[in-house]
Amino acid sequence: MSNESKPEVLEAPASTESITRVRRISDNQPKSGLEAFKYNLQFIRGRGAFEISIVLLVLLAGYVVAGLIIPNDFPFLDSNNLSGVISQAVPVLAILGIGAGILMVADEFDLSLGASLTFNAIVFIQVDAKFGLFPAIIAAILSGALIALINGAIVVFTKIPSFIATLGMSFFWAGASIWENGTEAAMIEDKNRNGLMEFLFAHDFGVFRSQLVWLVIVGVSAWFFLHRHRLGNHIFAVGGNTAAAEAISINPRKVKLMAFAIYGGLVGLASIMIAVRTSSMQAGGNATQDFTLFAIAAAVVGGTSLQGGRGSVIGMICGAALIELIKNGLILGQAPYFYITVFVGITIVIASIFNKLMEGKAR
Amino acid sequence: MSNALLRLDGITKKYGPNTVLDNVSFEIGKNEVVGLLGDNGAGKSTLVKIMSGVVPATGGDYYWDGSKVEHVNREETERLGVETIFQDSALVPQMTITRNIFMGREITNALGFMKMKEMDTIAAEVLDSVVSIEGIKSPKQLVQSLSGGQAQAVAIARAVHFKRSLLILDEPTSALAVRATEALLDYLRQLKGEGVSSVLVTHNLHHAYQVCDRHIVMNHGRKILDVRKEETSVEELTAAVVGGAEGVRAYRASLGN
């Protein structure tokens, strides 16, 4: 053994500074304006809002150009269309999309949204008739929050998947609406609808309506809450990895219940807008049922993950706007009704595939 | 006895009919680095979860600085200053590095809104200074875009930033590159001087032997060896981990011959 020489030590290539020196984060900071732009861009891509807002802007640009060139065949820029259709439809779906989206970031969703809309709207109309507008607004929002909290409590404490629990509750609240009001439509009296209620929830400012103001208020507050507040951060943490959040002493139950309550409050607000727009609400009808899946679709199109932990308020708004714009474009282009559902369906699926691809690329 | 920071007395943990930990007692002294060793299934990870308050013990007592802690949970251990790096790293992949590091302990203004710039700056500093890991471009990166080693570095950075009295590291070096491992081991040595105790849970006996003052070896849910570094050797620890109590006896007998 001792006679054997040890294996010779081989020479490695002479090390250069780039090999021996550890690259630190501070070495990677951008130096010029263009570098800073590229640097920041890489942390926006694939996080939900960026791609969908570009798609939305392109579509919007196309609509505006078409509206300018052929205003008679495609009256997109007509004030009747802008204030009468766009600024009434987009805010309602966007507010519902933000609500459903926040809940999805927490890794839950609620299939009783449509039933809750009907119930809250009836609460709004009945309380308004008896006690006036402001008690009615508060009652409708509280009703939405309470319904969502009950759903949330069932999901959180029994650990039944929210799909099943809220599907069941959907039938319950649809029945509760009929029990409360009967099958005849609840109507807002004309003398109540005009004045402050009309100004707050349906006033026509020419090219936009009050609903759009609500969307701005809700959108800005939701953005600051979800993306800049510590509680919003906890929603992402719980939705992304519950065990990790728990290990760091975040209580997942509390966070999920909070997400349900916020979502429910937004559903309450949206139900007021729907009730005021149509002046009535019929229990047992299915006018509000579509909103359940459209709200989830708006969030998904806007880059919210169905697995939780990922989503952005800007994306949710863009998703809702995209769906409503496509509907609007098809109606203006006088497409037959079944085309509309076909195209909306295709949009949702393509957007989801696209988001899935981008999700993998997110840095 | 009085010098112990943490003392576990007769800790037992059962999952249904399975006894994972059987009457385990030991101390972690102040300013001490303790190695917790053992093969897979020895009960190390369960012990870590009990020490850090994530999982309650079935039986046994938990003493902190000489006084008994009645209800051991994560809120309580956080108050005591216990910080843990879990084996499965416990990060949220969809969130940024900064948000992971400050998860649950965000720096906020009076209204609860986060100070993003301040958190980003601190996160970058901690990552640069403690774990010299390469390839992380920015604290704004999502954790899902990191390699296993980089993610582990983030988990370590978080624990190190918030540690106050006891730092528990569960397999911290398993995914780290050689240079990052060396940096971490250096850091553990340095911690002793700062009044922080640490527990290093690892398969890698050489890493443990390098930095730990004392070694505890677990085998099938029991503590079989609890020795100071001066009283043992890498060979004896290897025998204990591989062969259990029998292995240690055989090794000691072979030394006698």
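When chain A is treated as a Gaussian network with alpha carbon springs shorter than 10 Å, the biggest mean-square fluctuation among A:ILE178, A:ILE323, A:ILE296 belongs to A:ILE178. If you take the charge dipole of the protein assembly as shown about its Cα centre, with +1 on Lys and Arg Cβ and -1 on Asp and Glu Cβ, which of B:VAL241, A:LEU56, B:PRO139 is farthest toward its positive end? The residue sitting farthest along the positive end of the dipole is B:PRO139.
In chain A, once you exclude exposed GluC sites (Glu not before Pro) (DSSP loop, at most 13 other Cβ within 10 angstrom), what's the longest stretch remaining? Write down the numbers at each step before the final one.
Details: sites that count: A:GLU4, A:GLU8, A:GLU11, A:GLU184, A:GLU189.
Longest site-free region, per DSSP loop and neighbour criteria: A:190-363.
In terms of overall dimensions, the C-alpha atoms belonging to segment A:79-204 reach 46, 33, 24 Å along their principal axes, ordered largest to smallest.
Distant-in-sequence amide contacts of B:MET95, defined by a placed amide H-H separation under 5 Å and a gap of 5 or more residues or a different chain, comprise B:VAL143, B:GLN144. Across segment A:133-292, Cα-Cα pairs farther apart than 22 Å form 52% of the total. Note on chain B: GNM, Cα springs under 10 Å; of B:VAL199, B:VAL217, B:VAL234, the largest mean-square fluctuation is that of B:VAL234.
With Cβ to Cβ distances under 15 Å as the rule, what net charge do the other residues near A:ALA270 carry (K, R +1; D, E -1)?
Working: positive: A:ARG209, A:ARG277; negative: A:ASP110, A:ASP290, A:GLU324.
Taking every other residue near A:ALA270 into account, the sum is -1.
The label point for A:ASN194 and the one for A:LEU57, both projected 7 Å from the Cα toward the Cβ, are 4.4 nm apart.
Hey, what does the equivalent ellipsoid look like for the protein assembly as shown, semi-axes from the Cα gyration tensor as sqrt of 5 times each eigenvalue, largest first, whole Å? Working shown, then result.
Details: eigenvalues 663, 177, 74 Å².
Semi-axis lengths for the protein assembly as shown are 58, 30, 19 Å.
The charge dipole of segment B:85-162, taken about the Cα centre with unit charges on the Cβ atoms of Lys, Arg (+1) and Asp, Glu (-1), comes to about 180 debye, rounded to the nearest 20. Charge tally around A:THR166: other residues with Cβ under 15 Å, Lys/Arg +1 each, Asp/Glu -1 each, net -1. Positive contributions from Lys and Arg (+1) and negative ones from Asp and Glu (-1), summed over other residues with Cβ under 10 Å from the Cβ of A:PHE201, come out at +2.
In segment B:143-257, with Lys and Arg counted as +1 and Asp and Glu as -1 at Cβ, which of these residues, B:GLN210, B:GLY148, B:HIS161, has the Cα nearest the positive end of the dipole, that is, farthest along it? The one lying farthest along the dipole's positive direction is B:HIS161. If you run the Gaussian network model on chain B, springs between alpha carbon atoms under 10 Å, then out of B:LEU167, B:LEU37, B:LEU191 the most flexible one is B:LEU191. For segment B:85-162, the relative contact order comes to 44 percent (Cα pairs under 8 Å, sequence separation of at least 6).
The charge dipole of segment A:33-132, taken about its Cα centre with unit charges on the Cβ atoms of Lys, Arg (+1), Asp and Glu (-1) only, comes to about 160 debye. Using every Cα-Cα pair within chain B, state what percent have a distance larger than 28 Å. Of all Cα-Cα pairs in chain B, 36 percent lie more than 28 Å apart.
Coordinate-derived values only; no laboratory data. Please read all numbers here as calculations on a predicted model, not as lab measurements. Here the Cβ is made from the backbone with ideal geometry for all residues, glycine too, and neighbour counts use every protein chain on show.
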